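Here is the structure we will look at.
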Amino acid sequence: MNRTRASGLGVIAALVAAVPTAALAQAGARPAGAASASGVTTREIRFYSEAVLCYGKLFLPAGFSSASKAPSVVLAPTPGETAATLDRYAEAIAARGILAMTIDYRGWGKSGGFIYLAEPLKWDDRLRFSQHTAKVRIRRKRMIPSAQVTDIRNAITYLQGEPGVDRDRIGVWGSDLAGGHAVTVAGTDARVKALVAQVPIIPGKDVPRRATTLTAEQQSALVRLARTPAAGTAAGASLNDEEAKLALAEYRPFWSVTQIPQTSAVLFIVAEKDAKVDNESHAIAAFRLLKGPTSVRTIPGAAHALSGSAADAAAAAAADWLQKYL
Amino acid sequence: VIAIWITGACVAGSLAPHASAQISSAIVDEHRAALQKQATDADMKREGGTQPRDWNYELPEGVTTRQVTFYVDGGTALYGKMFFPKNFVTTLRWPAVVVGHGINALSIGIEKYAARFAARGLVAMAIDYQSYGFSSSGSDDIRLLEPDTTTDASAVIERQARILLKRTNLNNVHEVADFRAAISFLQGEPGIDPDRIGIWGSSNGGTVVLAVAATDARVKAVVAQVTGPRPAGRRRVAIAPQNIEDAITRVRTGQGAEVDGGFSFRSKVDQWYLTRNQDVQAGAVLDQIAPTTSVLFLPAERDELTKGPAGAIEAAKFLNDRGVTAQAIVLPELTHFQAYSYTGFEVGATLAADWFVKYLGERRASTSTGGK
């Protein structure tokens with residue numbers, strides 16, 4: 001299936017053919033270190049998402065300097081995976097002159113965990129800040145979409161503070177459920193000018209926009225979470241499962257689709273043979289509701305887990321889109 | 001002549017099934033002279049906040065209390081003070097109400113509302129939001145002062161660590177979660193009917209309770225005092241130009257600038273709240289409130305923060321038009337913080353209790369299928 005609106009796929013393909021990657025590497029000063037064939041260099045950074053120090057990796061385009069006014073994009077991993085899986089995409093995007101930043105969510109990969117007090121402390125609200133040596137509980141591998149969305153938004157803020165980045169030309173890229181995150185961020189945060197949702201999972205299409213009616217089972221789970229202090233690692237793991245189930249059940253990124261204004265350009269990349277996602281009720285349904293520049297790019301023959309040439313084609317499509325709209 | 005009370009009803013041609021006043025507002029008429037006195041008496045003026053003398057109350061005869069701990073966001077301990085009606089027994093099923101304070105304030109200032117509700121046969125629980133009062137700070141407000149060496153090999157690790165604890169993070173996203181955790185806690189409390197739970201919030205807490213009702217259909221009744229979220233379209237959050245540098249400092253150093261939190265509890269808060277709290281837009285989600293939830297607005301006529309009662313009146317109309325039972329009763333003459341004291345309190349607390357008793361009902365005999 002090959003549905004486009006604002007720009008034909010033929011145009012995208014032609015663009016790719018006409019601009020060989022080597023041509024994008026600017027002549028002149030290439031930063032020292034591991035520059036790729038396209039002159040992209042990388043730098044690992046840390047940023048705070050709320051109180052947690054998170055990991056990010058910047059992919060700097062050839063010739064990028066603090067005097068540049070480069071567009072930029074945050075790449076968010078499939079929940080459950082880490083920034084390390086996104087190098088290929090960040091590399092392809094940076095090769096087009098766009099600063100790309102991959103991130104690990106709080107509690108995943110190289111990012112810090114969520115910190116809780118494991119023993120009572122004395123505090124004084126009038127002081128606001130106090131230092132303690134205390135027993136803490138550090139929780140990792142939580143699957144909380146709203147926290148991950150906050151992480152993406154904080155990463156956007158990080159990019160806005162990076163010398164050489166144009167604060168007004170920032171995009172978001174996400175795959176799988178992070179494609180849903182990208183839609184959520186674009187629908188709630190006015191800074192997003194372009195987004196790419198790859199093999200996106202965008203739940204909520206057939207759920208009326210109403211307060212959630214929780215099942216008896218869900219209500220019992222909420223009661224347990226509210227009445228049980230998390231204790232011990234074994235209990236912690238099952239706590240993660242219960243929490244994730246509830247959080248995912250309430251996560252409706254599809255509701256954000258209609259909040260994306262015409263000034264934000266949205267590309268959906270779908271796999272033709274996706275066995276995990278029904279593209280009709282996710283990417284394509286969202287595509288139909290958008291009023292601004294939008295397109296669905298289908299990777300022929302590809303399965304949900306893109307790899308090899310399918311992943312390269314998806315990376316090129318994302319780079320094309322972001323180059324055009326940022 | 002001052003409009004004494006206004007229902008959110010009677011839109012011509014409306015097919016809304018509940019488009020009429022639901023409780024009597026006669027008490028407003030009865031106390032009109034006293035409200036006028038409160039509005040003009042120099043000693044009863046309240047500008048910029050309530051005063052500690054406004055927080056005092058006497059526990060009604062037979063009402064008992066218990067302090068409890070409950071958990072939000074996977075392990076943050078929150079504080080609640082429960083007020084049980086006279087003759088409370090767990091063998092019956094009682095309606096219950098969560099009582100949450102306004103902007104930058106503490107539960108001790110609103111315990112008196114919980115006490116009044118308990119006097120009317122409701123179990124009531126006044127709560128402190130996370131990072132306030134007796135509630136702990138959550139994971140958004142605890143920063144490690146040493147490297148986090150944990151890896152994805154373990155989901156939970158407990159150890160000694162140096163930390164920086166932050167308090168009074170004014171954050172409506174937290175407050176929505178805190179209310180929902182309180183509802184969950186009450187649902188599991190022996191003697192409480194898990195299907196008859198209400199929420200009360202005042203000022204900024206009124207904004208929060210409406211957002212909670214728009215999110216969670218477990219809420220059966222809402223009272224939103226001195227708040228007026230005019231129905232509005234959903235909009236993306238924009239960071240005001242003067243807040244962008246601060247936001248950048250925040251993600252690059254872990255802490256941005258502070259501003260005076262003001263109001264009743266004069267602590268500092270993060271400047272970031274001006275941006276973060278836009279993530280909770282009560283006026284934009286009124287259309288999500290379920291028809292099984294009923295909403296009472298208690299705006300103050302001369303409210304300097306909400307610019308009068310018009311927003312609340314519009315919100316009640318908007319809900320009625322969509323088949324949600326709603327009513328707005330204006331507290332005449334009063335300014336924002338006068339609603340919490342003297343006759344303003346007497347009238348506001350009585351109307352709120354009337355609403356909860358009407359829409360949550362009274363204690364009932366236990367059934368063999370009930371309870372959780």
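A few notes on this one:
- Checking each residue of the range B:45-66 against the condition of being over 18 Å from B:SER202 (Cβ atoms), more than 14 Å from chain A (Cβ to nearest Cβ), in contact (Cβ under 8 Å) with a residue 60 or more places away in the chain and of a type outside the set (Ser, Thr, Tyr) gives at least one match.
- Checking every residue in the range B:169-177 against the condition of being in contact (Cβ under 8 Å) with a residue 40 or more places away in the chain, of a type outside the set (Asp, Glu), part of a helix (DSSP H, G or I) and away from chain A (no Cβ under 11 Å) gives at least one match.
- Exactly one residue out of A:LEU75, A:LEU99, A:LEU121, A:LEU86 is surrounded by fewer than 24 Cβ atoms within 10 Å (Cβ to Cβ) and not polar (S, T, N, Q), and it is A:LEU121.
- Note on the range A:229-255: among residues that are at the interface with chain B (Cβ under 7 Å from one of its Cβ atoms) and within 15 Å of B:ASP73 (Cα to Cα), the one that is modelled with the highest pLDDT is A:GLU243.
- Test: residue in the range B:102-116 that is free of Cβ contacts under 8 Å to residues at least 40 places away in the same chain and of a type outside the set (Phe, Trp, Tyr): yes
- Flag for A:LEU58 being more than 29 Å from A:ALA244 (Cα to Cα), more than 13 Å from chain B (Cβ to nearest Cβ), crowded, with 23+ Cβ neighbours inside 10 Å and touching a Ser or Thr at 6+ places or on another chain (Cβ under 8 Å): no
- Within the range A:181-300, helices (runs of 4 or more DSSP H) holding 3 or more residues that are in contact with a strand residue (DSSP E or B) (Cβ under 7 Å, 6 or more places away or on another chain) and hydrophobic (A, V, I, L, M, F, W, C): A:283-289
- Failed item in (1) in a loop (DSSP other than H, G, I, E, B); (2) more than 7 Å from chain A (Cβ to nearest Cβ); (3) under 31 Å from the mean Cα position of the chain (by Cα), with B:PRO147 passing the rest: (3)
- Pair list, Cβ under 6 Å, 6 or more apart: the range A:220-236 residue among the acidic types (Asp, Glu), other residue surrounded by 14 or more Cβ atoms within 10 Å (Cβ to Cβ) and modelled with pLDDT of 85 or more: none
- Residue satisfying condition, being loosely packed, with under 14 Cβ neighbours inside 10 Å, within 25 Å of the chain's Cα centre (by Cα) and more than 9 Å from every other protein chain (Cβ to nearest Cβ), within set A:ALA275, A:ALA283: A:ALA275
- Check on B:GLY80, small (Gly, Ala, Ser), surrounded by 24 or more Cβ atoms within 10 Å (Cβ to Cβ), within 21 Å of B:ASP216 (Cβ to Cβ) and facing chain A (nearest Cβ under 9 Å): no
- In the range B:231-247, the count of residues that are modelled with pLDDT of 95 or more, more than 13 Å from chain A (Cβ to nearest Cβ), at negative phi and assigned to a strand (DSSP E or B) is zero.
- Any hit, the range A:62-72, residues being within 19 Å of the chain's Cα centre (by Cα), within 14 Å of chain B (Cβ to nearest Cβ), buried (at least 24 other Cβ atoms within 10 Å of the Cβ) and in a loop (DSSP other than H, G, I, E, B): no
- Take the conditions (1) free of Cβ contacts under 8 Å to residues at least 60 places away in the same chain; (2) more than 7 Å from chain B (Cβ to nearest Cβ); A:VAL172 misses just one of them, which is (1).
- Lone qualifier among A:GLY97, A:GLY112 - being part of a loop (DSSP other than H, G, I, E, B), of a type in the set (Gly, Ala, Ser), over 23 Å from A:SER307 (Cα atoms) and at the interface with chain B (Cβ under 7 Å from one of its Cβ atoms): A:GLY112
- Members of the range B:256-266 found to be surrounded by fewer than 16 Cβ atoms within 10 Å (Cβ to Cβ) and at the interface with chain A (Cβ under 8 Å from one of its Cβ atoms), listed by number: none
- In the range B:287-311, the residues that are within 14 Å of chain A (Cβ to nearest Cβ) form Cβ pairs under 8 Å with partners that are among the aromatic types (Phe, Trp, Tyr), at six or more places apart or across chains, as follows: B:ASP287/B:PHE318; B:SER294/B:TRP355; B:SER294/B:TYR359.
The values are calculated or read from the model by the stated rules, or taken from the named source; none is laboratory data. All figures in this text were calculated on a predicted structure; none of them were measured in a lab. All Cβ positions, even for glycine, are placed from backbone atoms using ideal geometry, and neighbour counts span all protein chains on display.
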